[in-house]
Amino acid sequence: MQKKILILGANPETAGLVQKANSMGIYTIVTDYDGRAYAKQYASKACNVDAMDLDGLLALAKEEKADGIVLGVAEAIMPTYARLCQALDMPCYGNPDLFALLADKARFKQVCRRYDVPVVDEFPVNDFSSEEELRKIPLPVVVKPVDSCSSKGISVCKTFQELVQGVKKALSFSKSKRLLVEKYMTGEEVVIYYAFQDGEASLVGMCDRYTNKEQDGVAQLPTAYIFPSRHLEQYRRKVDAKVKGLLRGIGVENGTMFIQSFIDEDGGVRFYEPGYRLNGAQEHYLVNAATGIDARELLINFALTGKVGEARIADKADPSFHGKFGCKLSPLVREGKIGRLVGLAEIAKLPGVLSVNPEYRDGDVVSGYGTLRQIACRFFLMAESRDALRTLIREVYDRFDVLDDAGSSMLLTGFDINLV
């Protein structure tokens, strides 16, 4: 009999998860409050129950006789996912306490310090309404909510007035009304990826994260992720074992995780934020192509069986990508109404293009200045050498554009190919 899974959330980033389940012969029930949510077009059955409505989800899961629950790419849904699995006595790769810890940037950094894992420096503030306290903070800094994601509520503050406004903005995005004020890091960014199997953590990837710097006062948004990272070997020597000890210590047993980090002045990695879920950046396409470890498949397997798989992940893991080079290219656009996306079908046919994942359709409106909503599309590319990867990126840029209703390009400055 065909298995059924209920997938919570249907944003564009979740589409690949739905498609993967379909390819595994599974009946996919995808639910989201938005009737036009992007990933619904790939579902066996699309529903309009809000993915944070526990009672509605319980009724839906029972009515459809779902065999498992899968979390889509949305951090806000994680608590509901855990409670739903608990109520239905179905496998959940985490638990409410663990999800809460890893979704709280401040608590996560506290745990890192206990395990001697370096983190970005921060400046404690007891009263954000106190001008006297705020004036003691050495600028520039980054102000962010402890409980937000996708760059929402984040400000780069270089003056006192920007700091005051940044605090107000961050508070408006924080349910708990708790903030972090961190040192403004100017070095390179890296992202580290782990997969877990019955308590064993495997380092499966690490990339250099390149950002667009032309928008003032907001978080720098990613334009490209390049695998493997130039800092991989130093990370493995100095930090990896400590991080695995931390993850064992807090009880991570199954699933996948990405950890966003900066490289400091001494060349060391400093963590600032984890994600214990499928990453919206979708680098799992690259990890899978290089090593055969598919984060989507692991989570689907766990939802249906309580195990991520029979084959040992640690035997497959190779963050060096077996000598290959990968890129997640994410062109950014300014806010406005999209008239037409150009070149997607042509790009998808290029050798080395693994997947083309648009965030928008013709006629959609882009809003959310300084957030990941400015990403127009994600292209996943794999090549045998750095030179070949540079050539492939150039071919994508030559073919891709996003035009507004007047026919003008909406694209921001792209990734500097020479940095590969």
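The values are calculated or read from the model by the stated rules, or taken from the named source; none is laboratory data. Quick caveat, the model's predicted, so the values are computed rather than measured. So basically every Cβ, Gly included, is an ideal-geometry build from the backbone, and we count neighbours across all protein chains shown.
Looking at Gly414, Gly368, can you tell me which residue is in contact with a Leu (Cβ under 9 Å, 6 or more places away or on another chain) and either β-branched (Val, Ile, Thr) or at pLDDT below 95 (or both)?
The match here is Gly414.
Matching residues to (1) closer than 23 Å to Phe108 by Cα; (2) modelled with pLDDT of 95 or more; (3) surrounded by fewer than 19 Cβ atoms within 10 Å (Cβ to Cβ); (4) of a type outside the set (Asp, Glu):
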| residue | (1), (2), (3), (4) |
| --- | --- |
| Lys152 | yes, no, no, yes |
| Val167 | yes, no, no, yes |
| Ser176 | yes, no, yes, yes |
| Asp198 | yes, yes, yes, no |
| Ala201 | yes, yes, no, yes |
| Cys207 | yes, yes, no, yes |
| Glu214 | no, no, yes, no |
| Arg236 | yes, yes, yes, yes |
| Gly245 | yes, yes, yes, yes |
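Taking the range 146-170 only, how many residues are farther than 19 Å from Glu75 by Cβ and hydrophobic (A, V, I, L, M, F, W, C)?
Going through the range 146-170 one residue at a time, the tally reaches 6.
Of all residues in the range 220-234, which are surrounded by 14 or more Cβ atoms within 10 Å (Cβ to Cβ) and farther than 17 Å from Ala201 by Cα?
Listed by number, the residues that qualify are Gln220, Leu221, Pro222, Thr223, Ala224, Tyr225, Ile226, Phe227, Pro228, Ser229, His231, Gln234.
Going by the structure shown, is Val70 closer than 18 Å to Asn301 by Cα and out of contact with any Cys (no Cβ under 8 Å at 6 or more places or on another chain)? Lay out the reasoning, then the answer.
Working: closer than 18 Å to Asn301 by Cα: yes; out of contact with any Cys (no Cβ under 8 Å at 6 or more places or on another chain): yes.
Yes, satisfied.
Residue under question is Arg113, and the condition is that it be more than 19 Å from the chain's Cα centre (by Cα), basic (Lys, Arg), outside the structural domain of Leu299 (by TED's automatic domain parsing) and modelled with pLDDT under 95; does it hold?
no
Can you tell me which residues in the range 194-212 are among the aliphatic types (A, V, I, L, M) and over 15 Å from the mean Cα position of the chain (by Cα)?
At the first step, the residues of the range 194-212 found to be among the aliphatic types (A, V, I, L, M) are 195, 201, 203-204, 206.
Ala201, Leu203, Val204 - these are the residues of the range 194-212 that are among the aliphatic types (A, V, I, L, M) and over 15 Å from the mean Cα position of the chain (by Cα).
Could you tell me which residue of the range 154-165 is nearest to Gln110 (Cα to Cα), considering only residues that are of a type in the set (Val, Ile, Thr) and more than 22 Å from the chain's Cα centre (by Cα)? Even if it seems obvious, please write down each step before you answer.
Going through the range 154-165, the residues of a type in the set (Val, Ile, Thr) turn out to be 154, 156, 159, 164.
Keeping just the survivors that are more than 22 Å from the chain's Cα centre (by Cα) gives 159, 164.
On the way: Thr159: 28, Val164: 25 Å.
For the range 154-165, the residue satisfying everything is Val164.
Would you say Gly267 is touching a residue at least 24 places away in the same chain (Cβ under 8 Å), farther than 28 Å from Leu411 by Cβ and out of contact with any strand residue (DSSP E or B) (no Cβ under 9 Å at 6 or more places or on another chain)? Walk me through how you get there before you give the answer.
On the way: touching a residue at least 24 places away in the same chain (Cβ under 8 Å): yes; farther than 28 Å from Leu411 by Cβ: yes; out of contact with any strand residue (DSSP E or B) (no Cβ under 9 Å at 6 or more places or on another chain): yes.
The answer is yes for Gly267.
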